[in-house]
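Reading through the C-alpha cells given below for one structure.
The values are calculated or read from the model by the stated rules, or taken from the named source; none is laboratory data. Note that the structure is predicted; figures quoted are calculated from it, not measured. Every residue, glycine among them, receives a Cβ derived from its backbone with ideal geometry; neighbour counts consider all protein chains shown.
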C-alpha cells in the first residue's frame, strides 16, 4: 500500500488549496496535542511524512516542505517524551537527500527547535553535525560536479544554522565544540568520512563562530593528523639494507624509480612506492592538503599569525612529543612558508628556546634541535640572516657548554650537546655557501665553531659519521679549517658512538623535514623546499671552472653575498630560489650545468633528470626500530 | 536585577602534582573552567571571580597520586535566578509563538505565547515583527528592546 498522506482540511483532488500558514500550523499543533489525549492518527501521519525520503514525487516534496515549515512554527507544542518518534524521525533526516527548498525548511525547523528549549539544543546540534558527512551512498558522488554542488549547498546551510543558533543561544558554540569533537570519525572508519568531517571543522574555524571554537578545533585536527601519522610504521617506509652504501636518491627522482627495473633482493626501495597502497597514508595526505589549503585561506584573510599561535602550541604539545612524527610537522613548514618573516622566525625561535632550556627533558631538547636543524636546512624561504642568527645561537650555546664542561668524550652524558653539534654541522652542509663568502659571518660563527669541534668532548667523533664526513669535506674545500685527525668513516651511516648519544629513541638519525613522501603534500611543499640536489657543495667548485658562468642562480647568490648590504642579501637569497623554483625546466637546465662527477658506486640507472647521486644521504634513514639495537 | 549576588568563598582546590611548577597558572586554569555553567556548590552560575591564595603552604594528600590541596579565598559573582524573580534581558527574536531573550549576554530565555501578557498583540509592521500593547500605543516590544 502506498503512503497515506495526512488529510489536511478540505483536501480535494481538483481543488487548488490555499491555506494560510497559520492554518497549517494550527492543524499540526492539533495533531501534536491530540497525542496527549490518546488519538495518534494525525500524529502518525506526520511522522510518516518525515520518514518518506527517497524518490519523492514533486507533490510529496511540497508536502514535506510544508510539513517541516509548519512544525517550525509549532515547536512550542512539541513534547520531548510524547513526541519522541517524531523527534527521532526529524533528527535522522539528512539534508543531503533533499533539494534546496526542503533543506531550507529542515534547517529552519532545527534552528527553531534548538532555540525553543534547552533540552533540544544538544540533539539539534548533533543532527547538524551528523550532516557534515553525506549518507554512505552519496560518498562516491562527492567527486562529481553535481555531488560537489550538493555538498556546497548542504554545508552552507549547516554552517548558517550554527550561526543562527549561536545568535539566539550564546553558549551554543561551547556545546557545539564538545559535540564536534566527540563526533570525529576515527581513522578506522572505512568510508573515509573523516576527510569531509575535517573539512567542516576547518570551515567552522574560519566561520563566524570561529573565534570561539577555532583554536580547540585546530588542535583536534592536528591530534588526528598525528594519530594517522603514528599508524604509518617506519617499516612501511623503509626497507633497509645497511650493508649497502648510503647512496639514496632524493624523492624528486621517485617517479623515475617507479619506471625502472624490478627490485633486486637486498636493494632498498624508496618509500613512496611502498606507501602507495597504504590507505592510511592516502588519508593523511588528503587531510594534510586540506590543512594546507585552509592555511592559505587564513593567510589571505590576514589571520595567519593568530592561527599560527594555536598551531605552535599544538606542535609543542602534540607533534614534538610524538615519537618521530613523519609528516604531520609539514603543517608547520607550510605555515612558515606562507609567512617567513613572522611565522617562519617564530617557529625557529621556539625550537631554539626549547633546546637551551635546562628544565626541559632531554628527548624534548634533542627533538627540538633536530627539528630546528632540518628546518633551517630545508626551508627555501628563510633569509640568510635568519639562518645565520639561529646558527650563531646554537654555536654560542655549544661553546658555553664546552667551557663549562671540561670533560672527555662521553656520548651518554652529553647527549644534548652532541645533538646540538650535529645540528650545526647538518645545517652547514646545506647552507655552507651562505657563510663562506661573508667574512663577518666567517669570524663570528666559524671560529667559535672550530673551538667547539676541537674540544675534548670531540663531537666529530660522536656525531653521525655521514654528517661529519660531508661537513668536513665541505669545510676543507671551503678552506674553513682543517682537522688534524683524519676521520675514516667508510661511508658509514652511523656508528656506535652516534647510537649512544642518540639513545633508545635514535634521535641521532632524526631529520623530520626530509622530503615529504606523501604525493599530494609534496606538490605543495616542493616549491619551498631545498632538495639536496639543489645544494652545490663547496667541493664541487673544483670541477666546475669551465662551466660556471651565466645563468646558474647559485653563482648569483655568491655574488650577492659579496655585497655589503645585508638587506639585499636577504632578499636575493629568498627571491632567486623562488624564481628558480617556479620553472622546473629552467631549474633542470641550471642543474645540468653544474658538472658534478658521477660516482661509480651508483648502482642505479635512472632515466631521470638528475644523474648525480647524492654524496651525502639526502634522507638519512633511521634504524627501523629501537629493538633492532 | 534580581538573581545576581556577590559572595565570598573559601575554596579548597586540589591540584595534580604535575601542576606544581606553575601553581598560579593552574589555579586560574581550573577556575577558568567554571564560569557559565550551573554549579551545585554555588547554587548558581559563576560569572566572575577574583582569587587570592591564602597560604603558601599546601597539604599533600597521601595516595597513588599525591595531589596537593590549596586554600584559596575568592570573591565570586553569581547568578542564581529562582522562580518569580524579575530579570532583565534583550529581545533577539520575535515570533507569534515566542519571544527569545538573552539575559546578561550569555543566558538565553524564551517566553512562550501562553506566558505573554494578554495586553500584547502580535503584529507585523513594515516587515518587522513586534508585540504592541493594546492599551499604550507607544509601548512596543521588538528585536533589540530590553524587557
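When restricted to residues that are facing chain A (nearest Cβ under 9 Å), in contact with a strand residue (DSSP E or B) (Cβ under 7 Å, 6 or more places away or on another chain) and in a strand (DSSP E or B), the range B:89-118 contains 8. Got at least one residue in the range A:56-68 being within 14 Å of chain B (Cβ to nearest Cβ), surrounded by 15 or more Cβ atoms within 10 Å (Cβ to Cβ) and more than 26 Å from residue A:174 (Cα to Cα)? Looking for residues that are within 14 Å of chain B (Cβ to nearest Cβ), surrounded by 15 or more Cβ atoms within 10 Å (Cβ to Cβ) and more than 26 Å from residue A:174 (Cα to Cα), one finds none in the range A:56-68, hence no. Does residue A:394 meet the test of being in contact (Cβ under 8 Å) with a residue 24 or more places away in the chain and crowded, with 23+ Cβ neighbours inside 10 Å? The answer is yes for residue A:394.
Is there a residue being free of Cβ contacts under 8 Å to residues at least 24 places away in the same chain and either in a helix (DSSP H, G or I) or farther than 30 Å from residue A:34 by Cα (or both) anywhere in the range A:96-107? Looking through the range A:96-107, none of the residues is free of Cβ contacts under 8 Å to residues at least 24 places away in the same chain and either in a helix (DSSP H, G or I) or farther than 30 Å from residue A:34 by Cα (or both).
From the list A:178, A:216, the one residue that fits, being within 14 Å of chain B (Cβ to nearest Cβ), under 20 Å from residue A:303 (Cβ atoms), assigned to a helix (DSSP H, G or I) and without any contact (Cβ under 8 Å) to a residue 40 or more places away in the chain, is A:216. Would you mind stating whether residue A:372 is buried (at least 24 other Cβ atoms within 10 Å of the Cβ), under 22 Å from the mean Cα position of the chain (by Cα) and under 12 Å from residue A:394 (Cα atoms)? Criteria met by residue A:372. Need the failing condition index for residue A:150 against (1) out of contact with any strand residue (DSSP E or B) (no Cβ under 8 Å at 6 or more places or on another chain); (2) within 14 Å of chain B (Cβ to nearest Cβ), just the number. Evaluating residue A:150 over (1) out of contact with any strand residue (DSSP E or B) (no Cβ under 8 Å at 6 or more places or on another chain); (2) within 14 Å of chain B (Cβ to nearest Cβ) leaves (2) as the failure. Please specify each residue of the range A:359-369 satisfying the condition of being assigned to a helix (DSSP H, G or I) and surrounded by fewer than 21 Cβ atoms within 10 Å (Cβ to Cβ). Within the range A:359-369, A:362, A:363, A:364 qualify. Evaluated against (1) within 22 Å of residue A:147 (Cβ to Cβ); (2) not in a helix (DSSP H, G or I), residue A:81 falls short on exactly one condition, (1).
Pairs are defined by a Cβ separation below 8 Å, a sequence spacing of at least 6 or placement on different chains, a first member in the range A:304-331 that is on the phi > 0 side of the Ramachandran plot, and a second member that is part of a helix (DSSP H, G or I) and buried (at least 22 other Cβ atoms within 10 Å of the Cβ); no pair meets this definition. Being assigned to a strand (DSSP E or B), free of Cβ contacts under 8 Å to residues at least 40 places away in the same chain, more than 16 Å from the chain's Cα centre (by Cα) and exposed (fewer than 15 other Cβ atoms within 10 Å of the Cβ) is a property that residue B:121 has.
Can you give me the number of residues within the range A:41-59 that are within 20 Å of residue A:96 (Cα to Cα) and either touching a residue at least 12 places away in the same chain (Cβ under 8 Å) or outside any helix (DSSP H, G or I) (or both)? Residues flagged as within 20 Å of residue A:96 (Cα to Cα) and either touching a residue at least 12 places away in the same chain (Cβ under 8 Å) or outside any helix (DSSP H, G or I) (or both) within the range A:41-59 amount to 11.
As a summary of the residue check, residue A:76 satisfies the conditions (1) over 27 Å from residue A:192 (Cα atoms); (2) within 12 Å of another protein chain (Cβ to nearest Cβ); (3) at pLDDT 90 or above; (4) assigned to a helix (DSSP H, G or I) except for the one numbered (3). Of all residues in the range B:47-68, none are closer than 30 Å to residue A:77 by Cα and assigned to a strand (DSSP E or B).
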